[in-house]
Amino acid sequence: MRVCVVIPAYNEARNLPVLLPRVFAQAEFLPGWELSVLVVDDDSTDGTRAVLAEMQTRYPALYVL
C-alpha cells in the first residue's frame, strides 16, 4: 500500500529542510506502506526549487510539481 503526503509550498526554502525529514521519519510507523511526498511549488522566488532539488538526492520518494 502507498501513502502520499501532498505539501503546497510558496517560498518555503527555510522550512522544507526541517519539515521533510520529519515527514519521512514517519515511515517507520507505517510498516508495509510506502511513503512518498509530493511538494507542489507555486513558483517560489526564494530558492525553494533549488532546495527541493538537493533534497531529492536524499529522498528518492520526494516529488516536485
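The values are calculated or read from the model by the stated rules, or taken from the named source; none is laboratory data. Computed from a predicted model, the values in this text were never measured in an experiment. FYI the Cβ positions are ideal-geometry reconstructions off the backbone, even for glycines, and counts take in every protein chain you see. What goes into the accessible areas is simple: the full protein's heavy atoms, side chains included, and nothing from ligands, DNA or RNA. Shrake-Rupley method; radii C 1.70, N 1.55, O 1.52, S 1.80 Å.
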Sequence order, region 29-41: Karplus ³J(HN,Hα) from phi using 6.51 cos²θ - 1.76 cosθ + 1.60, θ = phi - 60°, Hz rounded, Gly and Pro as x, gives 8, 10, x, x, 10, 9, 9, 10, 10, 10, 9, 9, 8
Please give the helix 48-58 orientation as an angle from the longest Cα principal axis of the chain, in degrees from 0 to 90, rounded to the nearest 10.
-> 30 degrees
Could you tell me the largest-minus-smallest coordinate of the C-alpha atoms of the chain on each of the three principal axes, in descending order and whole angstroms?
-> 38, 17, 17
So how far apart, in nm, are the two label points at Leu38 and Val3 if each is 7 Å from Cα heading toward Cβ?
-> 1.7 nm
Mind listing the long-range amide H neighbours of Tyr63? Cut-off is under 5 Å, sequence gap 5 or more, other chains count too, H placed in the peptide plane at 1.01 Å from N.
-> Val37, Leu38, Val39
Quick one: accessible area per residue over the chain, 1.4 Å probe, rounded to a whole number of Å²?
-> 66 Å²
Roughly how tilted is helix 16-25, in degrees to the nearest 10 and between 0 and 90, from the longest Cα axis of the chain?
-> 10 degrees
Simple label model, 7 Å out from Cα along Cβ direction - Arg22 to Val64, nm | 2.1 nm
Keeping the other protein chains in place, figure out the carbon and sulfur percent of the accessible area of the chain, with a 1.4 Å probe.
-> 58 percent
Taking only C-alpha pairs under 8 Å that are 6+ residues apart, what is the relative contact order of the chain in percent?
-> 43 percent
